[in-house]
Amino acid sequence: MRKQTLSLAAVASTAALALSACGGVSTTTGGDDGGEYPSRSVEMYVGADPGGSSDLISRQIATGLTEELGETFSVLNRSGSNGALAAAEVQQAEPDGNVISVQNASLFAITPLAVAEDEVTNIDDFDVVGGVSRDDYVLVTNAENPWKSIDDLKGAGKKITYGTTGVGTGAQLACALTYESGAIDSEAVPFDGGAPALTALLGNQVDTACLQTGEAIENIENGKLTALSVFAPERIEFLPDVPTATEQGLDVEVYQYRFMTTPKGTPQDVKDTIWEAMQATFETEDYQAFNEQNSLTPMEIPGDEVVDALESDKQRYADLVEEYDIDLGDAS
Amino acid sequence: MDAFLDGFSVVTQPGNLLYCLIGVLIGMLIGVLPGLGPAATMAILLPIVVTVDPVAAVIMLAGIYYGAQYGGTITSVLLRLPGEASSVVTVFDGFALAKQGKAGTALGIAAVGSFVGATVSIVALSLTAPIVAGWALDFGPAEYAALALLGVLLIATIGSGHPVKALIAASIGLLLATVGRDSFNNSQRFTFDSLQLADGLDFVVVAMGLFGVGEILYNLEERHGKVHVPAAVANIWPSRKELKQATPAIGRGSLIGFFLGVLPGGGAVMASLAAYATEKRVSKTPERFGRGAIEGVAAPETANNAAATSSFIPLLTLGIPANASMGMLFAALLVLGITPGPQLLEERPDLFWGVVNSMYIGNLLLLVLSLPLVGIFVRILRVRPAILAPITALITILGVYTINNSVFDIFVMIAFGILGYLMKKVGFEPGPMVLAFVLGALLENNVRRALLIFEGDPTGFVTRPISGTILALFLVAAVFPVVQAVRRRRAATTVPDETTQREDVLR
């Protein structure tokens, strides 16, 4: 009981604090003169609204960094253009580590296939501190349908509709590649995010959908949805019985991953400090449990490896899209 | 049944009760301040609440959500600032009442209506959640499209202005909804190559500009005219006559809100809109609407609270978050090691019933809290416009900035403020424009989605039972007033000049 009263008081006071500070209005005084990093509260932009996996991951990391480094890392939602607006905030900030962001691979590897050239965000404009985690896509269908694998879809004898989480997303790319390379007659139906696509699939309004694993796993486990394929390099821990697309004879590997970025030219010691604190966070039980609950696979690799992965994925996707003549949007 | 009663014993534990109280208080506070919504607040508090008992945490977060629904009414009525799409309709009669010195009555009836609506919805949720959840799944793109079309038609009948002017404003609203990247082929529409506009305009930014800033500008002009301050604002308790007037509206609003609220995305907006339109239609004196009809506040406020409650159904029974706030609740449950979905009720009955029953208590707390507070809030209206206007302007600017941490949004809001002022000057209501703006995206995207699913065959809209029924309703609603007008013209040769009367009341 005593513990509850204590934590209650903590909640009340912290709530008041957090609310008063949440505007995120802080005086940007520019670079600090070589003092210890961090010397003030750090702004962490996230290119998505509250509640989605990008937002939750940023908040989880921010909590860890705050604990490790003793200054507040506050998450600021700056959604829009698949994260391009948040990216622009980081790109324009002073390279002192006071404005940082966990960014999505799709912005750099997939969005360029879907938007005009001058809207492309380039990874060269950032310093990449290190990787965070991988978020896999899964191809699902309503369990009322007779299909159990991608091959079954080929023999469906009808045009297969597939819901996606939006145009120019990894979910759309994964599904489009699967159907095109498998020569399955299909039609994409874009929704505004994962929840509406999942709703439509549960109501059997669309035949199949590509969703993030965390969004679909509950309904896969309770038998309302059948998982037909995952798109990871190997089977994923959370759905061990679901074969990969490669196992089913299709060369489709698409996944989302996230990594910490700072403005270009951030001092090495600042980046090292962030990376060490991140690694310490990765070790905590809380963080590992968070990954588990959200079906996230750790991808805690150094920054240069992230950049290599981004470059090769971008090229690979571009080649596949060209080979199968897939239109992700108004790319021209 | 036992589990249901056990749920009450969970809520009435002193710790949980206190969390419930903290939740609804925070919710009400952020509801009053425009901008920072319940989803963002939950996100900020998430790391703290996960350290406490899971049931208490969820009770508190849920409290923030429905507490915010209460708070939002206050600014809609007093300052003409609808914090979210579902309280836009409240502005029409709520603000009119406030101008007549009946702000207390409006807020009082809204609080009572909200309480009744939420309670009816919770009872219905307790009894029928799994059945209703299945019903929501039958709503595919075709059904949403038909519903949104019906909504656009209802808009024209709303407010006090001329229906043709309302339709023109609604058309502009539909056009505004097309701004941004096309969500089917990614092409830019009216974005002028600006990444800021690529995701379209934010509803809150548009609404606060058109209503809030527009009102401030309009009042500045009127400053030298007669005194703005209403004489008496003391009567918080609605009179018996007013209660009697509002009772059927509250009843209908509860039902409409409960059913439409189950639909993810746009459910709450449609609910408040449909409830208002229904009241206007069944009323013997529809001309009072838009000029301070008590039912015009009671119905939408009841409906949007009922809808807020029933939007828990998809989350708790299907594992689908119906809106951003439900998304945060979903996340909170995950963090606590609970996956929302069909088996939640079996695996964690204490949590399911604990949360559901906490809403009974929470709504009671809100009613008890808000009625005395109404007296304090209405005093805002006594503040001289010269002082109130800058404060309101500051609140809106700060509020708009906090939504998306974007300075660009502030300028968008000011631009819409100027538009709102001009519209008011020439007798256009901003309400239909804002509502059409909200429904526009819903309508367009779902028509296109449905056509993709139907492989381009539009007969699918009519042959599917639910969408067919809604479209039939649409036809009736569209044709009925025309027939009525023709009949009336035949019956009476002289029609009283309504427009001059309207101008009088508006002043």
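Values in this text are rule-based calculations from the coordinates and carry no lab data. Keep in mind that this is a model prediction, so the values were computed, not measured. Using ideal geometry, Cβ is built from the backbone for each residue, glycine included, and neighbour counts are taken over all protein chains shown.
Structure data summary
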| item | result |
| --- | --- |
| Directionally averaged projected area (convex hull, Cα atoms, the protein assembly as shown), nm² | 35.0 |
| Listed pairs B:K102/B:K284; A:K148/A:K224; B:K99/B:K424; B:K165/B:K425; B:K102/B:K280 exceeding 18 Å between Cα atoms | B:K102/B:K284; B:K102/B:K280 |
| Chain A, relative contact order [Cα under 8 Å, separation at least 6], % | 25 |
| Rounded to whole Hz, the Karplus (6.51, -1.76, 1.60) HN-Hα couplings of the range A:217-234, x for glycine and proline | 4, 4, 6, 6, 5, 8, x, 7, 10, 10, 8, 9, 6, 10, 10, 7, x, 9 |
| Antiparallel DSSP beta bridges within the protein assembly as shown, as percent of all bridges there, nearest 5 | 65 |
| Magnitude of the charge dipole, the range B:231-310, Cβ model with Lys/Arg +1 and Asp/Glu -1, debye to 20 | 280 |
| Within chain B, helix-based [θ] at 222 nm, where runs of 4 or more DSSP H residues each add -39,500 (n - 2.57), nearest 500 | -24000 deg cm²/dmol |
| 222 nm mean residue ellipticity, helices alone, for chain A (DSSP H n ≥ 4; -39,500 (n - 2.57); rounded to 500) | -12500 deg cm²/dmol |
| Residues B:L366, B:L46 arranged by fewest to most Cβ contacts within 10 Å | B:L46, B:L366 |
| B:R382/B:K241 FRET efficiency (R0 25 Å; Cβ-Cβ; nearest 0.05) | 0.45 |
| Relative contact order [Cα under 8 Å, 6+ residues apart], the range A:215-332, whole percent | 13 |
| Ranking of B:Y360, A:Y255 by count of other Cβ atoms within 10 Å, fewest first | B:Y360, A:Y255 |
| Relative contact order (%) - criterion: Cα under 8 Å, at least six apart; region: chain B | 29 |
| Segment B:Q100-B:D193, extension gain: residue separation times 0.36 nm, minus the distance between their alpha carbons | 28.9 nm |
| Fewest-first ranking of A:E117, A:E71, using other Cβ atoms within 10 Å as the exposure measure | A:E117, A:E71 |
